[in-house]
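These notes are about the structure you will find just below.
The values are calculated or read from the model by the stated rules, or taken from the named source; none is laboratory data. The structure presented is a predicted model; accordingly, all values stated were derived computationally and were not measured. Note: ideal-geometry Cβ built from the backbone for every residue, glycine included; neighbour counts use all protein chains shown. We work out accessible area using only protein heavy atoms, side chains counted, and drop any ligands, DNA or RNA first. Shrake-Rupley method; radii C 1.70, N 1.55, O 1.52, S 1.80 Å.
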Amino acid sequence: MTVPAGEVVAGSVLHAGRLITQIENGRPQARPVLRALAPYCGRAQLVGVTGPPGAGKSTLAAALIRHLRGQGRTVGVIAVDPSSPFTGGALLGDRDRMAEAAGGDPGVFIRSVASRGASGGLAAAVNDTVDVMDAMGKDVVLIETVGVGQGEFDIARIAHTVVLVLVPGYGDALQAMKAGITEIADVVAVNKGDAPGADQTAKDLAAQGFERTGPDGAERWKVPVLTVSALRGEGVAELAAAVDEHHAFTGATAWRAAAERARGRSRFTAFVADRLRGELLKAAEETLGDTRPADPYGAAEAYVGALLNAHRTLSADIPGTEQK
């Protein structure tokens, strides 16, 4: 059943939930709805929350939800959960924790998405889910990822601002630096600020002088390091202000426009790859029939070559793109 795009734009949680389920399951009926939602996207502030397991990301996200709702802003939350290798199901503990903070507030829409083994814990459906929440009119969309790892660079292709959550002590901080994850952090939050060593950890991290460089190389963002206690709600207002400051900074420079173009290109190639994979594999099987090629590598090269030649004969004018 096709979900009415108008119901999603009107903010219907029921219809948005159905659409996200179709997206996760790769249902073709979701595609025209996403196209219909495209004109309503691009307004939400996208905030990624990442960090090692046990850093308190979900508790911090819950605290941010309460703070943002106190400001009158509506919130969408995508909790990317690790999948069972056997069932593909998501662990819902994080969503339950944040749902408790939301308290049934209609201004908050929380959705748990199974990573299904995607690189960095980011499901292929996350970008589309972001668009659904954006089209619903959510002012801020929080994206909480599984944990620190090289693949977490994926979140930088989605979020406007990446918040790296660490805890007192050097273990997680060193792990993050070794993994290079600090290179994508726009704001660093040392959580559990009431624990011993929290202030010292924040000072040591701040002394590293983390900076982000804009796409034109001219603009630099000095990454702030803040101490927060998500459980007590301490420092959450300052963290939200730092996120808003970064968002305003990127919007006033070439940074965000370049990031949006990169996200658009990445999504285009992902859409094309997803759409063509099944069709081409099916066509390849039909081409081979019941035969078994003596040289499968040569046959594959010849088949791909024929496809590329056919592609070159097509017009370069692709509907929906701007030629430059």
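Values for this structure:
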quantity	calculated
Contour excess over end-to-end distance, with Cα ends at Thr21 and Ala38 and 0.36 nm allotted per residue	4.3 nm
Extension gain from Lys222 to Thr253, taking 0.36 nm per residue of separation minus the Cα-Cα distance	9.7 nm
Arg69, Arg232, Arg18, reordered so the largest accessible area comes first (probe 1.4 Å)	Arg232, Arg18, Arg69
Heavy-atom accessible area order for Lys282, Lys138, largest first, 1.4 Å probe	Lys282, Lys138
For segment 156-313, share of DSSP beta bridges that run antiparallel, in % to the nearest 5	35
Per-pair calculated FRET efficiency, R0 = 30 Å: Asp105 and Phe271 via Cβ, rounded to 0.05	0.35
For His311, solvent-accessible area (1.4 Å; no DNA, RNA or ligand), Å²	120
Under-5 Å amide H pairs with Glu234, H placed in peptide plane, nonlocal only	Ser229
Sequence ranges 233-240, 216-223, 162-169, ranked by mean other-Cβ count within 10 angstrom, highest first	162-169, 233-240, 216-223
Theoretical gain in end-to-end length, Asp139 to Gln208 [0.36 nm per residue, Cα-Cα removed]	21.6 nm
Most to least accessible of Thr129, Thr287 (protein chains only, probe 1.4 Å)	Thr287, Thr129
